[in-house]
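Engineer: I have a structure here, written as structure tokens, and I will follow up with some questions on it.
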Amino acid sequence: NVPEDIADKLLLASWGLPKAVLEKYHSLGVVQMFEWQAECLMLGQVLEGKNLVYSAPTSAGKTLVAELLILKRVLETRKKALLILPFVSVAKEKKCYLQ
């Protein structure tokens, strides 16, 4: 029962990410996102760099929203990004993953 205007946006391929990024996500089994994740990305001017504050339970998919926002901004602006994570183990995991 996903609204038509959001249904297409659930697919990662519809966000203009490079093929290599999509292949990496697909290799991890991530082909589409939850409706709430797509809604976050479509809010206001979030994709243009405006702030976004969102909350969800542990393992709900918050990191994917942050990753997509970071990847899009870095690729579009060719600027660096700073990703702050709560634990060293998570930071090491993301470092390997995002390389």
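Engineer: Can you list which of the DSSP-assigned H helices in the chain have a Cα extent of 30 Å or more along the long axis and an average Kyte-Doolittle score of at least 1.6?
Structural biologist: Within the chain not a single helix satisfies the rule.
Engineer: Under a 1.4 Å probe, what is the accessible area of the range 4-98 per residue, stated in Å²? Walk me through the numbers on the way to the answer.
Structural biologist: Values: 6690 Å² over 95 residues.
Result: 70 Å² per residue.
Engineer: Val46: net charge of surrounding residues, Cβ under 11 Å, Lys/Arg +1, Asp/Glu -1, itself excluded? Display every interim value, and only then the final one.
Structural biologist: On the way: positive: Lys50, Lys72, Arg73; negative: Glu39, Glu48.
Charge balance in the 11 Å sphere: +1.
Engineer: Let's see if you can work this out: charge +1 on each Lys and Arg Cβ, -1 on each Asp and Glu Cβ, no other charges. What is the dipole magnitude of the range 4-98 about its Cα centre, in debye to the nearest 20? Numbers along the way, then the final one.
Structural biologist: Details: 13 positive and 10 negative charges, 139 e Å.
My answer is approximately 660 debye.
Engineer: Under the rule of at least 5 residues apart or a separate chain, name every residue whose amide H is placed under 5 Å from the amide H of Gln32.
Structural biologist: Excluding prolines and chain starts, which carry no amide H, the hits are Leu12.
Engineer: At a 1.4 Å probe, what is the % contribution of carbon and sulfur to the accessible area of the chain? Don't skip to the answer; put the middle values down first.
Structural biologist: Values: 4080 of 7160 Å².
That share works out to 57 percent.
Engineer: How compact is the chain by the rule of thumb for globular proteins, expressed as Cα Rg over 2.2 N^0.38 Å? Let's see the in-between values first.
Structural biologist: Details: Rg = 13.5 Å, N = 99, 2.2 N^0.38 = 12.6 Å.
Ratio of Cα Rg to 2.2 N^0.38 Å: 1.07.
Engineer: What does the net charge come to around Gln99 if you take all other residues with beta carbon closer than 12 Å to its beta carbon, with K and R at +1 and D and E at -1?
Structural biologist: Values: positive: Lys24, Lys92, Lys94, Lys95; negative: Glu93.
With Lys, Arg at +1 and Asp, Glu at -1, the neighbours total +3.
Engineer: Can I ask one more? Which one, Ser89, Val53, Leu68, projects farthest toward the positive side of the charge dipole computed for the chain from Cβ point charges (K/R +1, D/E -1)?
Structural biologist: Comparing the listed Cα positions along the dipole, Ser89 ranks first.
The values are calculated or read from the model by the stated rules, or taken from the named source; none is laboratory data. Please read these numbers as outputs of a predicted model, since none were measured by experiment. Here the Cβ is made from the backbone with ideal geometry for all residues, glycine too, and neighbour counts use every protein chain on show. The area values use the complete protein model at the heavy-atom level, side chains included, leaving out ligands, DNA and RNA. Shrake-Rupley method; radii C 1.70, N 1.55, O 1.52, S 1.80 Å.
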